[in-house]
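Student: Would you mind keeping the following structure in view while I ask a few things?
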Amino acid sequence: MASIEGAITDLKLVNKTDDKGVPLPMAGEFKFHTKSPASIWSVKVTPDQVESGVYKLLEKLQSDPSGWGLKPVLLNLEYYEGANVARQMEWKGFRLNSIADTEQPKG
């Protein structure tokens, strides 16, 4: 896990289903714009974070992607990797651990 400064855009809720079509708990994701190195990452928000109010806090910290400037925010992100050998699938990416520069909602 690392604390990384960047800007949040394109925050959205995500509905997914399992293999049998049963709905999974609501999760979220957003684009995270970093300066050093300059890149844009896709970051996942867990269903627990959506339920506990972290998603609502991210809405307040989100930048307008078509605006003149991006609002910097410090986030604790973690990189993850996984695989399902039977289905020949692998996944990797970033997930939100916590918001570093604001107080977390109680939940």
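Student: Of the conditions (1) assigned to a strand (DSSP E or B); (2) closer than 16 Å to GLY6 by Cβ; (3) free of Cβ contacts under 8 Å to residues at least 60 places away in the same chain, LEU58 satisfies every one except a single condition; which number is it?
Tutor: Going through (1) assigned to a strand (DSSP E or B); (2) closer than 16 Å to GLY6 by Cβ; (3) free of Cβ contacts under 8 Å to residues at least 60 places away in the same chain one by one, LEU58 breaks only (1).
Student: Go through region 10-53 and report how many residues are more than 10 Å from the chain's Cα centre (by Cα) and polar (S, T, N, Q).
Tutor: 6
Student: Which count do you get for residues in region 1-27 that are over 16 Å from ASN76 (Cα atoms) and part of a strand (DSSP E or B)?
Tutor: Counting residues in region 1-27 that are over 16 Å from ASN76 (Cα atoms) and part of a strand (DSSP E or B) gives 9.
Student: Looking only at region 1-25, which residues are among the hydrophobic types (A, V, I, L, M, F, W, C), open to solvent by 50 Å² or more (accessible area, probe 1.4 Å) and at pLDDT 95 or above?
Tutor: Hit for region 1-25 is LEU13, nothing else.
Student: Within the set of pairs 6 or more residues apart or between chains, which connect a residue that is in contact (Cβ under 8 Å) with a residue 12 or more places away in the chain inside region 89-101 to a residue that is surrounded by 10 or more Cβ atoms within 10 Å (Cβ to Cβ) and among the basic types (Lys, Arg) with Cβ atoms less than 9 Å apart?
Tutor: So the pair list comes out as GLY93/LYS44; PHE94/LYS44; ARG95/LYS44; LEU96/LYS44.
Student: Also: Out of region 29-50, which residues are part of a strand (DSSP E or B) and within 18 Å of LYS16 (Cβ to Cβ)?
Tutor: GLU29, PHE30, SER42, VAL43, LYS44, VAL45
Student: Going through region 81-95 one residue at a time, which ones are surrounded by 11 or more Cβ atoms within 10 Å (Cβ to Cβ) and at negative phi?
Tutor: Of everything in region 81-95, those that are surrounded by 11 or more Cβ atoms within 10 Å (Cβ to Cβ) and at negative phi turn out to be ALA83, PHE94, ARG95.
Yes or no, residue by residue, for (1) at pLDDT below 95; (2) of a type in the set (A, V, I, L, M, F, W, C); (3) out of contact with any Pro (no Cβ under 7 Å at 6 or more places or on another chain); (4) open to solvent by 40 Å² or more (accessible area, probe 1.4 Å):
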position: SER36; (1), (2), (3), (4): yes, no, yes, yes
position: TRP41; (1), (2), (3), (4): yes, yes, yes, yes
position: VAL45; (1), (2), (3), (4): no, yes, yes, no
position: VAL50; (1), (2), (3), (4): no, yes, yes, no
position: SER63; (1), (2), (3), (4): yes, no, yes, no
position: GLY67; (1), (2), (3), (4): yes, no, yes, no
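The values are calculated or read from the model by the stated rules, or taken from the named source; none is laboratory data. Computed from a predicted structure; not experimentally measured. Because the Cβ atoms are built from the backbone with ideal geometry, glycine has one as well, and the counts that use them run over all protein chains shown. Quick note on the areas: whole protein, heavy atoms, side chains included, nothing else; ligands and nucleic acids left out. Shrake-Rupley method; radii C 1.70, N 1.55, O 1.52, S 1.80 Å.
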